[in-house]
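Here's the structure we're looking at; comments come further down.
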Amino acid sequence: MYRCATELRHGMRLILFVLAAVVGLSANAEYQPGPLLTQMLDGKFAGCEEIVFATRVSGHDHWYVNFGYYSCDYGDGPKLNFGTYPDGESLRGYGDGGRLCKLNLRTGELTLLIDDPVGGVRDPQMHYDGQKVLFSYRKGRSATYHLYEINIDGTGLVQLTDGPDDDIEPTYLPSGDIMFCSSRCRRFVNCWFTRVATLYRCEGDGSNIRMVSSNNDHDNTPWVMPDGRVLYMRWEYVDRSQVHYHHLWVTNPDGTSQMIYYGNLHPGIAMLDAKPIPGTDKVVASFSPGHGIPEHLGYVTIVDPKAGPDVVSAVRQISKPKELVRDPYALSEDCILVANRRGIFVMNGQGEKERIYELPESLRHMECHEPRPIRSRPLEPKLAPQVDTTQTHGELVLTDVYNGRNMEGVKRGEIKKLLVLEQLPEPVHFSGGMEPISMGGTFTLARILGTVPVEPDGSAFMKLPALRSLILVALDDKDMSVKRMQSFVTLQPGERTSCVGCHEQRSQTASVSLDLAALDHPPHSITPESDVPDVFDYPRDIQPILNRRCIKCHNTDSRESGVDLSGDRTPLYTNSYFTMFTRNLVADGRNQPRSNLPPRSIGSSASRLMHFIDGSHHDVHLTERERKMIRLWIDSSAAFPGTYAALGSGMFPVSLPYGQLGKKCSTCHGSADVEGTAKPRLGGWIEKHICNLDHPEKSFLLRAPLAKSAGGFGSCGEGVFANTSDPVYIATLDAIKASAQRLQDEKRFDMPGFRPNRFYVREMKRFGILPSDFSDTDPIDAYEVDRAYWSSFWCK
């Protein structure tokens, strides 16, 4: 039942654990409930005199980095090492020490249900009968959290789940099943070094585990609402900023009908640990500011959903300014349990709080978490399941594509098709940015699944693959983008669902006809785009078109109109890919804290590049397939590589001689690293983008200040580099050549002989995509490995 560590000090902890389970650990004999707690014990706490809570060593990274490990040794984060995986990889993100505690609120008596000095304990939830606790537990010296149950007297510890992945944040469902978050989804945060956990469910004994969320990033803290649905936080950044959208969503317990609950149009708050307030339609949550604070710290906030999911006035902050707490549990709007680093508190509706437990000084390496009252509670309604796991698809009815927000200027009849894209999960990540997936745009590769027709009345009826993160893009009669989702939709196997319109109004009842043209026939299957790649790779698929049609004028030597569309490699991308975004040839608009953009504001219809290839630009004529390739590349997120193996590989910013360059260039360009200015500053911007690693002597950094008489462009006058014998010119060229040699030695994804780095290979082995005995010399096609990884999540 309890794993004892072999060290003597751990043995002493075991003795304490046994004593605690039998007789409890008394608090200070002078303990007396304070006035606020006394009032609550006679009020909303009446008949409930005990709580359960966890203490553990907390993480010091983002709010979502509290289990698992870092993918690599890159980055500027804390270099914490708390043990090793069985294969020797470092465990990062948590430390040793965890307890599951029971506290008597009247006597202050503390009983330890679990005391593991080298493990971790988190996320307790009381069973409906009030007699046992469901929680997540990482036993000492083990690598992962799993689900456990224990009786409230400390007996009957049972392990429910196991395996190589983390299971956290469980909640009992009224059916007797359990919903929880798990890294079984085997993907990484698209902008960080750590694993993702998404929604899963299982039976009460831990069997029949099933994925219910296809999210590429985290789902958090599911909790059942009075109507039987499950409230949770969903973090996503589909065509939006990666740090602004983590809001409240709801789903049926079987994963059907996933939809927004509150906040998806309001960036800048992580809405965590939401739970219903008994006797009301409201919920309480921790609103963690900005991108969120470590371990869910935030402001206790009450949300009233009756006004709709987008009304700012629907929230009321309870916490006092600058008083950060976490894990709110409300017995009423005026009686709330909360935790912080040092203790457990009760809080009233005015934000006044009173400590009811303080962590002893000897345990200050841990922090307090997740207080819950020990009491029985009524079952919520059992919603009838709508999932058929023998199916691989679901069905979606769109009633009217023209009915929605921010559709001004779109005339009825304009939209002919829906382009269906799939956001592809990421098997590993190595940085805080999107490079080299995109340049300031998407973090995520997208697969083009194909199109479905839209009827003249605006309706569509489609059969879509289940458990895939899908985006719909409305297309006009020229297949140009009109409006695109900035979120994703997921269907469960066998699910039949509908949406009212494009970015529908959740707070209005739409006037919808039941006589939809789309329902006159069975659902349309997706028609594939068979003559184009489903996942675009810019050097492989787009650059050859530019080579045939554009670089006669727009090349490294002539740079007609200042545009270089050659495929020469820069430290991160290529000259042409860099030009696409710095010259606004592609209307991207991604990675911005904006939602529900106006029609034709991003994508193919808003991209200048499409006008340059329509035949009007210097009589340049592309084939129909070439135009289609460029259009679909733009509408499928305009990524640079077509494989996640490109992450962390082949990127070599140049170590330039800034001291010497500064003496030559600082009058015009200064020395600060400021991107996007009319005259770029010296710094990281130039070392990443305007150095040519295929032909170092053709680097724009060298040729722009080099005199025309010496073969340069003379862009900076004739006095910067008069000739190629200038010592600063030579030092700069040598630095570029050094990075160019590294690129030739280590290879980029678009070069013969490329091999993914060891972190990518390690995760693909861990996930079972590559064989466990795969060696550094075995042949590998990263594109095929990615495809095998993505297809491993498909419903079979």
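Derivation of every value follows stated rules applied to the coordinates shown; laboratory data play no part. All values reported here derive from a predicted model rather than from experimental measurement. Cβ: placed from backbone, ideal geometry, glycine included. Neighbour counts: every protein chain shown.
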Inset, instruction - Quick one: check the C-alpha center-to-center distance for the stretch 271-325 versus the stretch 95-145, whole angstrom. - result: 25 Å
Legend entry - Cα-based shape type of the stretch 387-494, given that a ≥ b ≥ c are square roots of the gyration tensor eigenvalues and the cut on a/c is 1.5: oblate
Inset, instruction - Enter the Cα centre distance for the pair the stretch 642-661 and the stretch 445-507, rounded to the nearest angstrom. - result: 38 Å
Legend entry - Overall form of the stretch 20-373 per C-alpha gyration tensor (a/c, 1.5; a/b vs b/c): rounded
Legend entry - Cβ-defined net charge surrounding Pro276, 13 Å radius [Lys, Arg +1; Asp, Glu -1]: -2
Inset, instruction - Give the relative contact order (percent, whole number) for the stretch 393-525; include only Cα pairs under 8 Å separated by 6+ residues. - result: 40 percent
Legend entry - Computed FRET value (nearest 0.05) for Ser709 with Ala731, which takes r as the C-beta separation and R₀ as 25 Å: 0.70
Inset, instruction - Find the relative contact order for the chain and round it to a whole percent, using C-alpha pairs within less than 8 Å whose residues are 6+ positions apart. - result: 10 percent
Legend entry - Bridge type composition, the chain - antiparallel percent by DSSP, nearest 5: 90 percent
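Is there a quick way to get the dipole size of the chain? I mean about its Cα centre, with the Cβ of Lys and Arg at +1 and of Asp and Glu at -1; what is the value in debye to the nearest 20?
1200 debye
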Inset, instruction - Please give the peptides 229-239, 755-765, 424-434 ranked by average Cβ packing (other Cβ atoms within 10 Å per residue), highest first, as a rough proxy for protection. - result: 229-239, 424-434, 755-765
Inset, instruction - Using a/c under 1.5 as the rounded threshold, could you call the stretch 202-308 rounded, prolate or oblate? The axes a ≥ b ≥ c are square roots of the C-alpha gyration tensor eigenvalues, and prolate needs a/b larger than b/c, oblate otherwise. - result: oblate
Legend entry - Under Karplus coefficients 6.51, -1.76 and 1.60, residue-wise ³J(HN,Hα) of the stretch 340-348 in Hz, glycine/proline x: 9, 4, 9, x, 10, 9, 9, 9, 9
Inset, instruction - Highest first, please rank the peptides 541-549, 195-203 by the mean number of other Cβ atoms sitting within 10 Å of their residues. - result: 195-203, 541-549
Legend entry - Under the Karplus curve 6.51 cos²θ - 1.76 cosθ + 1.60, θ = phi - 60°, whole-Hz ³J(HN,Hα) for the stretch 151-161, x wherever Gly or Pro sits: 6, 6, 9, x, 9, x, 5, 10, 8, 9, 10
Inset, instruction - Assuming R0 = 56 Å, can you tell me the calculated FRET efficiency for the pair Asn208 and Asp614, based on Cβ-Cβ distance, to the nearest 0.05? - result: 0.55
Legend entry - Separation in nanometres of the label points that stand 7 Å from Cα toward Cβ, at Lys463 and Val532: 2.4 nm
Inset, instruction - Take each complete run of DSSP H in the chain, measure how far its Cα atoms stretch along the helix's own axis, and keep only those covering 24 Å or more with mean Kyte-Doolittle hydropathy at least -0.5; list them. - result: 727-746
Legend entry - Highest to lowest packing among 245-257, 308-320, scored as the average C-beta count within 10 Å: 245-257, 308-320
Inset, instruction - With a point put 7 Å past each Cα toward its Cβ, work out how far Arg342 is from Glu408 in nm, to one decimal. - result: 5.3 nm
Inset, instruction - For the pairs Lys139/Lys796; Lys132/Lys382; Lys765/Lys796, note any where the Cα-Cα span goes beyond 23 Å. - result: Lys139/Lys796
Inset, instruction - Grab the beta carbon distance between Met751 and Asp477, set R0 = 51 Å, and tell me the FRET efficiency rounded to 0.05. - result: 0.80
